[in-house]
Amino acid sequence: MQINLSNAVKFESRHNGPTEAEIAEMLEKIGASSLEELINQTVPESIQLTRPLDLPKAKLESEFLADFKVLASKNKVFKSFIGLGYYDTIVPGVILRNVLENPGWYTAYTPYQAEIAQGRLEALINFQTVVMELTGMELANASLLDEGTAAAEAMTMLHAVKPREKKNANRYFVDEKVFPQTKALLVTRAEPIGIELVFGPISSLDLTDPELYGVMFQYPNGDGAISDYSSIVAAAKENKVLTAFASDLLALTLLTSPGEMGADVVVGSAQRFGVPMGYGGPHAGFFATKEEFKRQIPGRIIGVSIDRAGNKAYRMALQTREQHIKREKATSNICTAQVLLSVMASFYAVYHGPKGLKNIALRAHGLAKLTATALSKVGLNVADHAFFDTIQIKMNEVSRERVRGLALGANINFRYEADSIFISFDETKSLEDVKSIVNIFATEEGKHTLTLDKLVEGLQLELPAALARKSDYLTHPVFNNYHSEHEMLRYIKRLENKDLSLVHSMISLGSCTMKLNATAEMIPVTWPEFSQLHPFAPMDQTLGYQELFTNLRTWLTEITGFADTSLQPNSGAQGEYAGLMVIRAFHMNRGEGHRDVALIPTSAHGTNPASAVMAGMKVVLVKCDEKGNIDIEDLKSKATEHKDDLSCLMVTYPSTHGVFEEAIQEICATIHQYGGQVYMDGANMNAQVGLTSPGRIGADVCHLNLHKTFCIPHGGGGPGMGPICVASHLAPFLPGNPLVKTGGELAVSSISSAPYGSASILPISYAYIAMMGGDGLTNATKMAILNANYIKERLAGHYPILYTGSKGRAAHEMIVDCRAFKEVGVEVEDIAKRLMDYGYHAPTVSFPVAGTLMIEPTESETKAELDKFCDALLSIREEIREIEEGKADRVENVLKNAPHTAKMVLTGEWTMPYSREKAVFPIAFVKEGKFWPTVRRIDSAYGDRNLVCSCIPVEEYATETELA
Ligand SMILES: *Cc1c(COP(=O)(O)O)cnc(C)c1O
């Protein structure tokens, strides 16, 4: 037998589901003679790319990981004392392996289907409880993207809720000691919506200013100082001025909470609760406020409700607040957040408990205090304010530079500012580190170093009385029962087992592209060379990252057919905002700053109008025709009507209806003709890669959801990344950062706190592109289109399929119309819930069309999996027919009662008119590996009426009275 030495399996054939034989079978089923023919029937010829993607040759998995280790080693992991909201932390092994590195957690979707998401919903309730109790507030959300954006959301929310007396007040005072990256974000977000920012020392704050509606402090502040703000907050209240605090959860285990000082909002980052610094992210930003603002709070809130049997069940609360519903009336565009990282932070709090957290805080404080005392003894000028973990040493430039040299020699990073050095401590630091630091400063001063033993013995927690925390926190059993590793492991597993994720079955969420998140892509994320870098570490310690960024930008630029890319935005919605701010800056730079109308088709995702309003634009809706395409006549008439103030069009391509609109080039040309720019929402990029591109269709800027098309897992609702790619005329305006030079010559102010957003998950997309190569990526797109059209063919005749292209083909997703079933009382939601009994997560429900399901299989699913999913949907169709034909009851049927739990079919008397077997084993394949939903249909309205968003004693809800 001949041996072929290059027969290793290409990554492409692991990522793309269908085999050659399956491709042939599927093509036959859909009546296309070849893949090429199918693609030509789907993607209009006029926009097809004329040359293959110019990307490096595909690598094998093993080859990639070996090469990537070399790149990673160009990053240098120094000890970080930089602080500024990013601290080194110890990720407990049990959380690292069983959450961060576990696809059971990281491949889950946002918990819209709450009955099969009770595990992460419980973890998120725990997160909210941690935030609420430590900040002393009544309500918290389940994360925002980072501390800076959370602070910006506080500024805009307070603006929206300001009292009547302050109706016309637009001034927001920000203490100059707030972190610089946060200040930059406030600048970005304030200006377009007409908020006037005032930065200054607190001594300059004039609370009687009638224009002033809000004030923001940082506690502890950027210098590390802690002060009692209660009298200022009280005075603010008297003057109808609202207050926001940025704070630090670890510090709050020792300090009086902002809530106790009277704060209206508290924001911050939960990073140091066991989430690696990752060169800037991803981390969970938190946001806590008062109950009275519950209808204005941004982001997702998890609440407690009951299921049909009266059992406690969690689900997302108050969803009418979200931009999906509010659209241009929304004040926030947050969609993808930081669920996986909030889950990690919550488990960190569960694992350590209140005493453990306090000990961690005490140690960080103790080391800081020891260092301050020792350095004073060496004769240094240590600032004498009260502090938590950060000390300030005042120093002239010459001495400072000498310290810098010595510290770098010892692999240590401090924070250097105009006349000071700052040193921040965290749980990874030890007495040895204090010795090195004292040694460095003593050497600089030409003195002998000190022995620390005496000072260590004398260490005491002595905070000013007003600042020493007296209130309890985290008293609920969940924070006190799982401190042994065995108990913790089992708690994590118990929650994981309640959730359906990609480890169980395909999740065909239209518009969300739930494709394979390959293990080889995930492995580098937790390499220390990527995970342990501080975002403001010196450039020459981050050369591996810089190389990664340069390559990834080049590749994404090539894929989109544009000229440059910014890796800063942390989600698709942030990308939209960034892109619109770039367009805005472009118009302003040409003296056309008055252009402020954004045309948005009615079919657009809710984030589009929300982002446009945040960028200071006026939204003008463009109609869609009965096929779901943009109504060209309406577009032309709106563009003409607004020709003098047209800023841009926001368009999703292929459309949110899953169709490559043939008129797209004409649409783009029309906008350009009237002086506008074209923003392409890149959520559907999975249908374009290698076949066409935003550049090719004539757009000017797009975002890419790396957590959709480029394999970053959804994490149960985040993290994500939303880089923007732009044509050359927009490149000068790509966003910057106040501390690290990024972006263009005329950069707009920051979009995220960190210069490269959530840098530590970029290796995932990098790995995907490097292992697929140009051909592999293009084949993936073709497979995605093939898989969608195969499902369409299998469902056709059973369910009406809405909106196909002119040649009858779907793009990478399709819409199944379920509205006709209403006649027999079956809602689209019933089908979504019934799919759970078959072991499937529902497709996208009621977007972009109410009463429909949007199915996107992606390229990663095999024909066998597609067939199982289709079999389930066809079987459900028969179950509906039984109702239609009067064979099944209109109320007590398998759809209305779905999902069925083990408890329901195993306990008590069975009174349903259908069998238990039909309820839970409706089709043969389910028996092979039944996934059991753990609660019955959840009553969302009940939970909204009785809003509870933190841990509550279990007994209160477990009534079980209505159990069948
Ligand atoms: C997912 C999606 C968005 C929002 O992206 P996030 O990453 O969740 O912020 C915007 N538009 C469309 C069409 C989407 O599918």
Item checked: Verdict on residue 187 being among the aliphatic types (A, V, I, L, M), under 26 Å from the mean Cα position of the chain (by Cα) and part of a loop (DSSP other than H, G, I, E, B) -> no
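Quick grid of which residues meet (1) free of Cβ contacts under 8 Å to residues at least 60 places away in the same chain; (2) closer than 19 Å to residue 683 by Cβ; (3) within 13 Å of the ligand (Cβ to nearest atom):
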position: 584; (1), (2), (3): no, no, no
position: 590; (1), (2), (3): yes, no, no
position: 594; (1), (2), (3): yes, no, no
position: 601; (1), (2), (3): yes, yes, yes
position: 606; (1), (2), (3): no, yes, yes
position: 609; (1), (2), (3): no, yes, yes
Notebook entry, point to check: Can you name the number of the only condition in (1) hydroxyl-bearing (Ser, Thr, Tyr); (2) out of contact with any strand residue (DSSP E or B) (no Cβ under 7 Å at 6 or more places or on another chain); (3) under 30 Å from residue 506 (Cβ atoms) that residue 143 fails?
Noted result: (2)
Margin query: Being buried (at least 24 other Cβ atoms within 10 Å of the Cβ), within 16 Å of the ligand (Cβ to nearest atom), more than 26 Å from residue 678 (Cα to Cα) and small (Gly, Ala, Ser) is true for just one of 811, 788. Which residue is that?
Written below: 788
Checklist line | Of all residues in region 926-953 being free of Cβ contacts under 8 Å to residues at least 60 places away in the same chain and over 32 Å from the mean Cα position of the chain (by Cα), the one that is least open to solvent (accessible area, probe 1.4 Å) | finding: 927
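Residue by residue, here is whether (1) touching a residue at least 24 places away in the same chain (Cβ under 8 Å); (2) open to solvent by less than 10 Å² (accessible area, probe 1.4 Å) holds:
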| position | (1), (2) |
| --- | --- |
| 631 | no, no |
| 647 | yes, yes |
| 659 | yes, yes |
| 666 | yes, no |
| 675 | yes, no |
Notebook entry, point to check: Can you name the strands (runs of 3 or more DSSP E) wholly within region 227-306 that have at least 3 residues being without any contact (Cβ under 8 Å) to a residue 12 or more places away in the chain and either in contact with a helix residue (DSSP H, G or I) (Cβ under 8 Å, 6 or more places away or on another chain) or buried (at least 24 other Cβ atoms within 10 Å of the Cβ) (or both)?
Noted result: none
Next item on the list: Evaluate the following for residue 272: is it of a type in the set (D, E, K, R) and under 20 Å from the mean Cα position of the chain (by Cα)?
Entry: yes
Margin query: Suppose the filter is over 30 Å from residue 607 (Cα atoms) and either within 16 Å of the ligand (Cβ to nearest atom) or polar (S, T, N, Q) (or both); does residue 333 pass it?
Written below: no
Note to self: Out of everything in region 804-844 that is touching a residue at least 40 places away in the same chain (Cβ under 8 Å), among the hydrophobic types (A, V, I, L, M, F, W, C) and assigned to a helix (DSSP H, G or I), what residue ends up being nearest to residue 935 (Cα to Cα)?
What the structure shows: 836
Margin query: Suppose we keep only residues that are near the ligand (Cβ under 8 Å from one of its atoms) and closer than 18 Å to residue 772 by Cα within region 706-722. Which one would you say is most open to solvent (accessible area, probe 1.4 Å)?
Written below: 708
Next item on the list: Can you confirm whether region 735-753 contains a residue that is within 14 Å of the ligand (Cβ to nearest atom) and either under 20 Å from the mean Cα position of the chain (by Cα) or not in a loop (DSSP other than H, G, I, E, B) (or both)?
Entry: yes
Check: Conditions: (1) free of Cβ contacts under 8 Å to residues at least 24 places away in the same chain; (2) in contact with a Leu (Cβ under 8 Å, 6 or more places away or on another chain). Residue 559 meets all but one. Number of the miss?
Finding: (1)
Note to self: From the list 311, 381, exactly one residue is open to solvent by 10 Å² or more (accessible area, probe 1.4 Å), away from the ligand (no atom under 16 Å from the Cβ) and under 28 Å from residue 938 (Cα atoms). Which is it?
What the structure shows: 311
Next item on the list: Go through the residues of region 620-628 one by one and say whether even a single one is of a type in the set (Gly, Ala, Ser) and within 16 Å of the ligand (Cβ to nearest atom).
Entry: yes
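The values are calculated or read from the model by the stated rules, or taken from the named source; none is laboratory data. Worth saying up front: this structure is predicted, and the values here are computed from it rather than measured. Every residue, glycine as well, gets a Cβ built from its backbone with ideal geometry; the counts of neighbours run over all protein chains shown. To get the accessible areas, we keep the full protein, side chains included, count just its heavy atoms, and leave off ligands, DNA and RNA. Shrake-Rupley method; radii C 1.70, N 1.55, O 1.52, S 1.80 Å.
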